[in-house]
1. I'm told residue 167 meets every condition in (1) exposed (fewer than 13 other Cβ atoms within 10 Å of the Cβ); (2) without any contact (Cβ under 8 Å) to a residue 60 or more places away in the chain; (3) away from the ligand (no atom under 14 Å from the Cβ); (4) in a helix (DSSP H, G or I) except one. Can you identify the failing condition by its number?
2. Within the range 308-333, which residues are out of contact with any strand residue (DSSP E or B) (no Cβ under 6 Å at 6 or more places or on another chain) and touching a residue at least 40 places away in the same chain (Cβ under 8 Å)?
3. If residue 173 satisfies every condition in (1) of a type outside the set (A, V, I, L, M, F, W, C); (2) within 19 Å of residue 147 (Cα to Cα); (3) touching a residue at least 60 places away in the same chain (Cβ under 8 Å) but one, which is the exception?
4. Would you mind stating whether residue 153 is in a helix (DSSP H, G or I) and either within 14 Å of the ligand (Cβ to nearest atom) or surrounded by 19 or more Cβ atoms within 10 Å (Cβ to Cβ) (or both)?
5. Scanning for something touching a residue at least 60 places away in the same chain (Cβ under 8 Å) and surrounded by fewer than 18 Cβ atoms within 10 Å (Cβ to Cβ), does the range 128-141 turn up at least one residue?
6. Out of everything in the range 126-149 that is within 16 Å of residue 5 (Cα to Cα) and part of a helix (DSSP H, G or I), what residue ends up being nearest to the ligand (Cβ to nearest atom)?
7. Step by step: first the residues of the range 229-288, then only those that are in a loop (DSSP other than H, G, I, E, B) and of a type in the set (Asp, Glu), then the one that is farthest from residue 190 (Cα to Cα). Which residue is that?
Amino acid sequence: MENKKVIFSGMQPSGSLTLGNYLGALKNWVKLQSEYDCYYCVVDMHAITVPKEPKDLRKNTLEVLANYIAAGIDPEQVTLFIQSHVSAHAELSWVLNCFSYFGELGRMTQFKDKSKKLDNNSIPAGLFTYPVLMAADILLYQADLVPVGEDQRQHLEITRDIAQRFNNRFSETFKVPDPFISKDGAKIMSLQDPTSKMSKSDSNENAYIILMDDADTIRRKLKRAVTDSEGVVRYNDNQPGVKNLINIYSKITDKTTDEIAALYEGKGYAQFKDDVAEVIIGELKPIQEKIDYLLKNKDYLEKIYVHGAEKAEAAARKTLRKVYKKVGFIPRY
Ligand code: TYM
């Protein structure tokens, strides 16, 4: 255990998890859990950077935890917890805020995308400092690796910059983490606009599949998935819709993208889309049954997150103590 490298990652309970979250990150988390010392977190504090109904946040937080376990995360093996239960995240975040720059935060594409939809006077400061809290999440656990989808790469870069800056100023304090981003499937695209990523905050429900979608919903969404007028199942950038569906198929079945294109030679999109739907349904069915079961057993979920927070707290406190000392705070005991 001692010599295992450390992994940290998290997902926002801003809604139900999507097929993008699952194929882009969660499936990798499962693969990595036995080889590394993993901390997997439900980042509820990040979820309030945009308006969120309290009752929805509570519901989604438990759902995301259930989704993790149902997808194969073993709570015995990994530390599974809820971000707001470990106050060191907020505490380190404040310190790091004082070592992060307005300019670099303003360059974050996620901030630019989200803030441009809002009036200047109603952009929450938390949306702006969001990446600093994310850096705190990761650096508290001295993580070596952070398995995420492609869209989080820039946040990982700023985390590294903040860690290096702090280390240079005060001597070695934080491990500088590396992103762990898989090649294919690191960006699952919207089913309605295959040039933008699949996101649970999309206003069009047909654009994404959530892990809880039933079979008929998945079939319907796939039928409506945007493709093109070429009519040939080929893996290339000029056919982003088809490429995305091939990626989904490939990520689930472990068939290569070439194998899949060959399977559909001479067949139209209708058959291909139907088959992609069935592949997704087959993958999600056992997960959905487990999610159902877990959400009916809230006591079990509670035991897991309480125990997880205790373990996480111990590791996080160690780092925070070091940081407080380095910046010059007087220890209370
Ligand atoms: P979030 O909640 O948006 O997404 C969770 C994870 O899913 C990946 N992902 C995708 N991968 C492929 N295709 C997609 N369409 C897709 N959509 C989402 C994301 O890359 C991510 O890995 N800021 C983070 C949460 C976070 C975090 C952290 C992650 C907070 N603290 C510390 C790692 C480490 C986020 O909003 O992810």
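1. (1)
2. Result: 313, 315, 316, 317, 319, 320, 322, 323, 324, 326, 327.
3. With (1) of a type outside the set (A, V, I, L, M, F, W, C); (2) within 19 Å of residue 147 (Cα to Cα); (3) touching a residue at least 60 places away in the same chain (Cβ under 8 Å) applied to residue 173, the lone miss is (2).
4. Against the criterion (in a helix (DSSP H, G or I) and either within 14 Å of the ligand (Cβ to nearest atom) or surrounded by 19 or more Cβ atoms within 10 Å (Cβ to Cβ) (or both)), residue 153 qualifies.
5. No: the range 128-141 contains no residue that is touching a residue at least 60 places away in the same chain (Cβ under 8 Å) and surrounded by fewer than 18 Cβ atoms within 10 Å (Cβ to Cβ).
6. Looking at the filtered set, the residue picked out is 138.
7. The residue in question is 265.
Conditions (1) in contact (Cβ under 8 Å) with a residue 12 or more places away in the chain; (2) within 30 Å of residue 283 (Cα to Cα); (3) in contact with a Phe, Trp or Tyr (Cβ under 6 Å, 6 or more places away or on another chain), marked per residue:
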{"site": "72", "(1), (2), (3)": "yes, yes, no"}
{"site": "77", "(1), (2), (3)": "yes, yes, no"}
{"site": "82", "(1), (2), (3)": "yes, yes, yes"}
{"site": "90", "(1), (2), (3)": "yes, no, no"}
{"site": "103", "(1), (2), (3)": "no, no, no"}
{"site": "117", "(1), (2), (3)": "no, no, no"}
{"site": "145", "(1), (2), (3)": "yes, yes, yes"}
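FYI, it's all coordinate maths here, none of it is from the lab. Please read these numbers as outputs of a predicted model, since none were measured by experiment. Note that we place each Cβ from the backbone using ideal geometry, even for glycine, and neighbour counts take in every protein chain shown.
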